[in-house]
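To start, the structure itself, in structure tokens.
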Amino acid sequence: MELTLYQIDTFTNRLFKGNPAAICPLHQWLPDRTMLAIAMENNLSETAFFVREANGWRIRWFTPVTEVKLCGHATLAAAYVYFQHIDSDADQVVFNSLSGPLTVNRDNEMLTLDFPIQRAEPREAPTILGHALGAEAQEVLAADDWLVRLDSEETLRHLDPDMSLLRQLDRRGVIVTAEGRDCDFVSRFFAPKYGIDEDPVTGSAHTILTPYWNERLARNPLHARQLSPRGGELQCLLHGERVLISGMVAPYLKGTITLTQQDLA
């Protein structure tokens, strides 16, 4: 069996920036262990697979160590592959997923995710969280991830967390954020227990960040920047109980995966 693999840099219009995702369109689902093995082999933060089912397209996402229920940048990359290689006349695709239907719209080079929002609630910070970050939190909240606001973009840029401590926390990961100097807000995202020490650009984190900063700044839409070494740019619009997350992509490679029956056993 031969599978086509695409690697796309997302939330950027330049190669070697943004967040790379591997995308495998399939005619039918592979065994879960095979999809996880492909994700481990790719060694990217996310590998996405999508298949046409009776009620439309379904997407699944795998880190190198587990399947996850929502991933923004790999959905953006999957939509690019769909528009470029499956239906070049389409300006919209809907992927069914563990997080419900996810719509991606195309407007020239800009792709926009339509995701459900997550509202973070104030929480008392676990002692281990402060030790792991090594910085004083101005505010701590929680949804699927811990959300920590720091005093400045400068503090956020120089953050050097202890991954062994972050790995012990009870949620998916930790979003650390601050008000931006020349954008509305900045962030970084750490999820070491999911095999991702620092994610370059995290679309799903902005389902939490957008309503938080919308309320704090009374501003909509919001220009966001993720301050990983690769960096990324996002435009975020709060729309009722949804958040529209827009960004560009840069295609990097197209290749072929060859699987034997032993690989599928």
Response to the item:
Taking the range 215-265 and keeping residues in a helix (DSSP H, G or I), open to solvent by 70 Å² or more (accessible area, probe 1.4 Å) and either of a type in the set (S, T, N, Q) or touching a Pro at 6+ places or on another chain (Cβ under 7 Å) (or both) leaves Gln261, Gln262
Worksheet item: Does Asp184 count as crowded, with 17+ Cβ neighbours inside 10 Å, within 26 Å of Leu217 (Cα to Cα) and at pLDDT below 95?
Response: no
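Yes/no matrix, rows are residues, columns are (1) part of a loop (DSSP other than H, G, I, E, B); (2) under 16 Å from Ser97 (Cα atoms); (3) at pLDDT 95 or above:
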| site | (1), (2), (3) |
| --- | --- |
| Thr4 | no, no, yes |
| Asn13 | yes, no, yes |
| Ile23 | no, yes, yes |
| Trp29 | yes, yes, yes |
| Ala39 | no, no, yes |
Worksheet item: In the range 97-121, how many residues are part of a strand (DSSP E or B), buried (at least 16 other Cβ atoms within 10 Å of the Cβ) and in contact (Cβ under 8 Å) with a residue 12 or more places away in the chain?
Response: 9
Worksheet item: Checking Lys17 against (1) crowded, with 24+ Cβ neighbours inside 10 Å; (2) in contact with a Gly (Cβ under 8 Å, 6 or more places away or on another chain), which single condition isn't satisfied?
Response: (1)
Item to complete: State which residue is nearest to the chain's Cα centre (by Cα) when the search covers only the range 45-55 and only residues that are under 23 Å from Ala191 (Cα atoms) and at pLDDT 95 or above.
Response: Glu46
Discussion item. What's the total number of residues in the range 122-166 that are touching a Ser or Thr at 6+ places or on another chain (Cβ under 8 Å), within 16 Å of Phe185 (Cα to Cα) and open to solvent by 20 Å² or more (accessible area, probe 1.4 Å)?
Written reply: 1
Fill in: Tabulated pairs, the range 12-26, first farther than 10 Å from Tyr252 by Cβ and free of Cβ contacts under 8 Å to residues at least 12 places away in the same chain, second aliphatic (A, V, I, L, M) and open to solvent by 70 Å² or more (accessible area, probe 1.4 Å), C-beta under 6 angstrom, 6+ apart or interchain
none
Worksheet item: Of Thr75, Thr63, Thr34, which residue is among the polar types (S, T, N, Q) and within 19 Å of Glu198 (Cβ to Cβ)?
Response: Thr63
Discussion item. Pull out all pairs, ordered by first then second residue, where Cβ-Cβ is under 6 Å, the residues are six or more apart or on different chains, the first lies in the range 77-91 and is touching a residue at least 24 places away in the same chain (Cβ under 8 Å) and farther than 8 Å from Pro25 by Cβ, and the second is of a type in the set (Ser, Thr, Tyr) and open to solvent by less than 50 Å² (accessible area, probe 1.4 Å).
Written reply: Ala77/Thr10
Item to complete: Identify all residues within the range 46-91 that are in a loop (DSSP other than H, G, I, E, B) and surrounded by fewer than 15 Cβ atoms within 10 Å (Cβ to Cβ); write none if there are none.
Response: Ala54, Asn55, Val65, Thr66, Lys69, Ile86, Asp87, Ser88, Asp89, Ala90, Asp91
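The values are calculated or read from the model by the stated rules, or taken from the named source; none is laboratory data. Here the structure is a predicted model, which means the values were calculated and not measured. Cβ atoms come from the backbone with ideal geometry, glycine included; neighbour counts cover every protein chain shown. We work out accessible area using only protein heavy atoms, side chains counted, and drop any ligands, DNA or RNA first. Shrake-Rupley method; radii C 1.70, N 1.55, O 1.52, S 1.80 Å.
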